[in-house]
Amino acid sequence: MKLNELYENANYTDDYGMMFNCDIMDLLKNIENESIDLIVTDPPYKVTSRGCSGTMGGYWKTDIAKSGKIFKNNSISCKDYLEDFYRVLKDKSILYIMCNNTNLQEMINEGTRVGFNFVKCLIWEKGNKICGRYYMNCFEYILLFRKGGDRPINNCGTPDILKYPIKKLKGKDGKNLHDTEKPIELMKVLIENSSNENDVVLEPFMGIGATCIASKELNRRYIGCEIDEKYFNVCIERIK
(Lines give C-alpha, C1' and ligand atoms only; values in the text may rest on other atoms or scores of the structure.)
Protein backbone atom coordinates (compact mmCIF):
# COMPACT_ATOMS: atom_id res chain seq x y z
CA MET A 1 0.00 0.00 0.00
CA LYS A 2 1.40 3.40 -0.98
CA LEU A 3 1.80 6.09 1.67
CA ASN A 4 -1.08 8.20 0.35
CA GLU A 5 -3.36 5.16 0.68
CA LEU A 6 -2.11 4.58 4.22
CA TYR A 7 -2.91 8.21 5.03
CA GLU A 8 -6.54 7.69 4.02
CA ASN A 9 -6.83 4.78 6.47
CA ALA A 10 -5.04 6.35 9.46
CA ASN A 11 -6.74 6.93 12.82
CA TYR A 12 -5.29 10.46 12.98
CA THR A 13 -3.76 12.73 10.35
CA ASP A 14 -2.45 16.26 10.00
CA ASP A 15 -0.43 18.13 7.39
CA TYR A 16 2.77 16.38 8.49
CA GLY A 17 1.77 12.80 8.96
CA MET A 18 -0.41 10.02 10.28
CA MET A 19 -0.86 7.88 13.37
CA PHE A 20 -2.37 4.42 13.81
CA ASN A 21 -3.87 2.79 16.90
CA CYS A 22 -3.11 -0.83 16.03
CA ASP A 23 -0.60 -3.66 16.24
CA ILE A 24 2.56 -2.65 14.37
CA MET A 25 2.71 -6.06 12.68
CA ASP A 26 -0.65 -5.33 11.03
CA LEU A 27 0.57 -1.93 9.87
CA LEU A 28 3.96 -3.09 8.59
CA LYS A 29 2.45 -5.57 6.15
CA ASN A 30 0.67 -2.64 4.46
CA ILE A 31 3.77 -0.44 4.05
CA GLU A 32 5.39 -0.85 0.65
CA ASN A 33 9.04 -1.81 0.19
CA GLU A 34 11.68 0.94 0.42
CA SER A 35 9.22 3.75 1.18
CA ILE A 36 10.61 4.93 4.56
CA ASP A 37 13.59 7.29 4.98
CA LEU A 38 14.29 6.71 8.68
CA ILE A 39 13.08 4.59 11.59
CA VAL A 40 13.54 5.87 15.15
CA THR A 41 11.96 3.69 17.78
CA ASP A 42 11.89 2.65 21.42
CA PRO A 43 10.33 -0.81 21.31
CA PRO A 44 8.80 -2.56 24.32
CA TYR A 45 11.14 -5.11 25.82
CA LYS A 46 11.85 -6.73 29.13
CA VAL A 47 13.96 -4.80 31.60
CA THR A 48 16.43 -6.29 34.03
CA SER A 49 14.70 -7.98 36.92
CA ARG A 50 15.15 -5.84 40.01
CA GLY A 51 14.70 -8.43 42.73
CA CYS A 52 16.70 -7.86 45.92
CA SER A 53 16.57 -8.44 49.64
CA GLY A 54 13.52 -6.23 50.03
CA THR A 55 15.27 -3.40 51.82
CA MET A 56 14.70 -0.84 49.04
CA GLY A 57 10.96 -0.31 49.37
CA GLY A 58 7.70 -1.79 48.16
CA TYR A 59 8.43 -1.47 44.43
CA TRP A 60 10.93 -4.29 44.56
CA LYS A 61 8.23 -6.74 45.66
CA THR A 62 5.94 -6.05 42.70
CA ASP A 63 5.41 -8.33 39.71
CA ILE A 64 7.07 -5.72 37.48
CA ALA A 65 10.25 -5.80 39.53
CA LYS A 66 10.33 -9.59 39.55
CA SER A 67 9.51 -10.22 35.89
CA GLY A 68 11.02 -7.19 34.15
CA LYS A 69 7.68 -6.63 32.36
CA ILE A 70 6.51 -2.99 32.31
CA PHE A 71 3.73 -2.95 29.70
CA LYS A 72 0.94 -5.42 28.98
CA ASN A 73 1.92 -5.32 25.29
CA ASN A 74 5.65 -6.02 25.52
CA SER A 75 5.73 -9.68 24.53
CA ILE A 76 6.80 -8.83 20.96
CA SER A 77 10.33 -9.89 19.98
CA CYS A 78 12.76 -8.08 17.71
CA LYS A 79 12.66 -11.23 15.57
CA ASP A 80 9.06 -10.36 14.76
CA TYR A 81 9.70 -6.93 13.26
CA LEU A 82 13.34 -6.31 12.25
CA GLU A 83 13.02 -8.06 8.89
CA ASP A 84 10.08 -5.80 8.00
CA PHE A 85 12.00 -2.75 9.21
CA TYR A 86 14.73 -3.67 6.73
CA ARG A 87 12.21 -4.21 3.95
CA VAL A 88 10.40 -0.86 4.27
CA LEU A 89 13.56 1.27 4.63
CA LYS A 90 15.18 2.80 1.57
CA ASP A 91 18.76 2.03 0.60
CA LYS A 92 21.36 4.08 2.51
CA SER A 93 18.95 4.78 5.35
CA ILE A 94 19.19 4.44 9.12
CA LEU A 95 17.44 2.58 11.91
CA TYR A 96 17.86 3.89 15.46
CA ILE A 97 16.52 1.45 18.00
CA MET A 98 16.69 1.89 21.76
CA CYS A 99 17.77 -1.03 23.86
CA ASN A 100 19.07 -2.09 27.28
CA ASN A 101 21.78 -4.55 28.24
CA THR A 102 19.29 -7.40 28.65
CA ASN A 103 18.31 -7.24 24.97
CA LEU A 104 21.51 -5.87 23.45
CA GLN A 105 23.05 -9.08 22.13
CA GLU A 106 19.85 -10.41 20.57
CA MET A 107 19.06 -7.05 18.97
CA ILE A 108 22.49 -6.76 17.32
CA ASN A 109 22.53 -10.39 16.20
CA GLU A 110 19.04 -10.28 14.73
CA GLY A 111 19.61 -6.91 13.07
CA THR A 112 22.69 -8.13 11.24
CA ARG A 113 20.98 -11.41 10.37
CA VAL A 114 18.22 -9.65 8.44
CA GLY A 115 20.73 -7.55 6.49
CA PHE A 116 21.48 -4.39 8.46
CA ASN A 117 25.01 -3.14 8.96
CA PHE A 118 25.54 -2.51 12.67
CA VAL A 119 27.38 0.84 12.86
CA LYS A 120 27.71 1.55 16.58
CA CYS A 121 26.05 2.03 19.96
CA LEU A 122 25.13 5.52 21.04
CA ILE A 123 24.57 6.20 24.72
CA TRP A 124 21.64 8.17 26.07
CA GLU A 125 22.59 9.50 29.49
CA LYS A 126 19.24 9.96 31.23
CA GLY A 127 20.20 12.16 34.13
CA ASN A 128 18.68 9.85 36.73
CA LYS A 129 19.60 6.61 38.42
CA ILE A 130 17.58 3.41 38.74
CA CYS A 131 18.55 0.84 41.31
CA GLY A 132 19.61 -2.60 40.17
CA ARG A 133 21.44 -5.60 41.55
CA TYR A 134 24.52 -4.85 39.40
CA TYR A 135 25.27 -1.11 39.61
CA MET A 136 22.73 1.68 39.18
CA ASN A 137 21.31 2.17 35.69
CA CYS A 138 22.01 5.66 34.32
CA PHE A 139 21.81 5.18 30.54
CA GLU A 140 20.24 3.36 27.62
CA TYR A 141 21.77 2.18 24.37
CA ILE A 142 20.66 3.56 21.02
CA LEU A 143 21.72 1.08 18.34
CA LEU A 144 22.58 2.61 14.98
CA PHE A 145 21.94 0.26 12.06
CA ARG A 146 22.37 1.12 8.38
CA LYS A 147 20.71 -0.43 5.34
CA GLY A 148 22.94 -0.59 2.29
CA GLY A 149 25.70 1.86 1.43
CA ASP A 150 27.45 4.37 3.65
CA ARG A 151 25.48 7.32 5.01
CA PRO A 152 27.32 9.77 7.29
CA ILE A 153 25.26 11.78 9.76
CA ASN A 154 24.38 15.37 8.86
CA ASN A 155 26.09 16.92 11.91
CA CYS A 156 29.40 15.10 12.21
CA GLY A 157 30.33 16.94 15.41
CA THR A 158 27.61 15.18 17.40
CA PRO A 159 29.07 13.13 20.29
CA ASP A 160 28.02 9.52 20.75
CA ILE A 161 27.01 10.19 24.36
CA LEU A 162 23.77 12.18 24.29
CA LYS A 163 22.89 13.88 27.57
CA TYR A 164 19.19 14.72 27.73
CA PRO A 165 17.59 14.47 31.18
CA ILE A 166 14.03 13.26 31.19
CA LYS A 167 11.24 14.94 33.11
CA LYS A 168 8.22 12.71 32.68
CA LEU A 169 4.83 14.22 32.02
CA LYS A 170 2.22 13.62 34.68
CA GLY A 171 -1.49 12.98 34.38
CA LYS A 172 -4.20 14.55 36.52
CA ASP A 173 -3.70 11.75 39.03
CA GLY A 174 -0.05 12.70 39.46
CA LYS A 175 1.20 9.49 37.84
CA ASN A 176 3.51 9.28 34.83
CA LEU A 177 1.66 9.44 31.53
CA HIS A 178 4.17 6.88 30.26
CA ASP A 179 6.80 5.08 32.31
CA THR A 180 9.44 5.02 29.54
CA GLU A 181 8.80 8.42 27.95
CA LYS A 182 11.69 9.78 25.85
CA PRO A 183 12.74 13.44 25.52
CA ILE A 184 11.66 15.18 22.32
CA GLU A 185 15.05 16.91 22.11
CA LEU A 186 16.83 13.53 22.10
CA MET A 187 14.66 12.34 19.22
CA LYS A 188 15.41 15.56 17.36
CA VAL A 189 19.15 14.84 17.40
CA LEU A 190 18.64 11.44 15.77
CA ILE A 191 16.10 12.66 13.23
CA GLU A 192 18.07 15.74 12.22
CA ASN A 193 21.27 13.73 11.80
CA SER A 194 19.88 10.96 9.62
CA SER A 195 17.12 12.49 7.50
CA ASN A 196 16.30 15.61 5.52
CA GLU A 197 13.28 17.89 5.45
CA ASN A 198 10.15 16.22 4.04
CA ASP A 199 11.61 12.74 4.56
CA VAL A 200 9.31 10.08 6.05
CA VAL A 201 10.12 9.00 9.62
CA LEU A 202 8.51 5.85 10.99
CA GLU A 203 8.02 5.24 14.73
CA PRO A 204 6.53 1.75 15.14
CA PHE A 205 6.17 1.91 18.95
CA MET A 206 5.41 5.57 19.52
CA GLY A 207 4.39 5.56 23.19
CA ILE A 208 3.18 9.10 23.82
CA GLY A 209 4.63 10.51 20.64
CA ALA A 210 8.08 12.05 21.18
CA THR A 211 9.43 10.89 17.80
CA CYS A 212 6.38 12.06 15.88
CA ILE A 213 6.41 15.46 17.60
CA ALA A 214 10.13 15.86 16.93
CA SER A 215 9.60 14.94 13.27
CA LYS A 216 6.85 17.51 12.88
CA GLU A 217 8.93 20.24 14.53
CA LEU A 218 11.81 19.44 12.14
CA ASN A 219 9.58 19.53 9.04
CA ARG A 220 9.69 15.79 8.47
CA ARG A 221 6.68 13.64 7.66
CA TYR A 222 5.86 11.06 10.31
CA ILE A 223 4.11 7.71 10.59
CA GLY A 224 3.43 6.60 14.15
CA CYS A 225 1.91 3.41 15.52
CA GLU A 226 0.77 2.66 19.07
CA ILE A 227 -1.21 -0.39 20.16
CA ASP A 228 -2.36 1.01 23.53
CA GLU A 229 -5.43 3.24 23.09
CA LYS A 230 -4.67 5.26 26.23
CA TYR A 231 -1.20 6.22 25.01
CA PHE A 232 -2.52 6.80 21.49
CA ASN A 233 -5.02 9.37 22.76
CA VAL A 234 -2.23 11.15 24.65
CA CYS A 235 -0.27 11.28 21.37
CA ILE A 236 -3.13 13.00 19.59
CA GLU A 237 -3.39 15.68 22.27
CA ARG A 238 0.34 16.28 22.33
CA ILE A 239 0.85 16.49 18.59
CA LYS A 240 -2.04 18.91 18.20
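Going down the table (Lys120/Lys167; Lys126/Lys240; Lys168/Lys240; Lys188/Lys240; Lys79/Lys230; Lys79/Lys147), which pairs top 21 Å between alpha carbons? Exceeds cut-off: Lys120/Lys167; Lys126/Lys240; Lys79/Lys230. Under 1.5 on a/c is rounded, so check that first for segment 130-219, then, if it is not, pick prolate when a/b is larger than b/c and oblate when it is not; a ≥ b ≥ c are the square roots of the alpha carbon gyration tensor eigenvalues. It is oblate, given that a/c is not under 1.5 and a/b is not larger than b/c. Here segment 82-142 and segment 148-212 have alpha carbon centers that stand 13 Å from each other. Note on the chain: with neighbouring protein chains present and a 1.4 Å probe, carbon and sulfur make up 47 percent of its accessible heavy-atom surface. Of all stretches in the chain that contain no chymotrypsin sites (Phe, Trp or Tyr not before Pro) in a DSSP loop with at most 10 other Cβ atoms within 10 Å, the longest one is 1-133. Ranking of Lys2, Lys90 by solvent-accessible surface, largest first: Lys2, Lys90 (1.4 Å probe, protein heavy atoms only, all chains present). In the assembled protein chains, Cys225 presents an accessible area of approximately 0 Å² (probe radius 1.4 Å).
Between Asn196 and Thr102, the contour length at 0.36 nm per residue exceeds the Cα-Cα span by 30.6 nm.
Entry comment: accessible area of the chain is 51 Å² per residue, from protein heavy atoms only and a probe of 1.4 Å.
Relative to the Cα centre, the charge distribution of the chain, modelled as +1 at Lys and Arg Cβ and -1 at Asp and Glu Cβ, gives a dipole magnitude of about 1100 debye. With a cut-off of 12 Å on the backbone N, no residue of segment 87-109 is near the modelled label site 7 Å out from Asn176 along Cα-Cβ.
The convex hull of the Cα atoms of segment 75-116, projected and averaged over all directions, covers 3.0 nm².
The values are calculated or read from the model by the stated rules, or taken from the named source; none is laboratory data. Since the model is a prediction, treat every value here as computed from it, not as a measurement. Positions of Cβ are generated from backbone atoms using ideal geometry, with glycine treated the same way; all protein chains shown enter the neighbour counts. Each accessible area value is taken on the protein alone, full model and side chains, heavy atoms only, with ligands, DNA and RNA left out. Shrake-Rupley method; radii C 1.70, N 1.55, O 1.52, S 1.80 Å.
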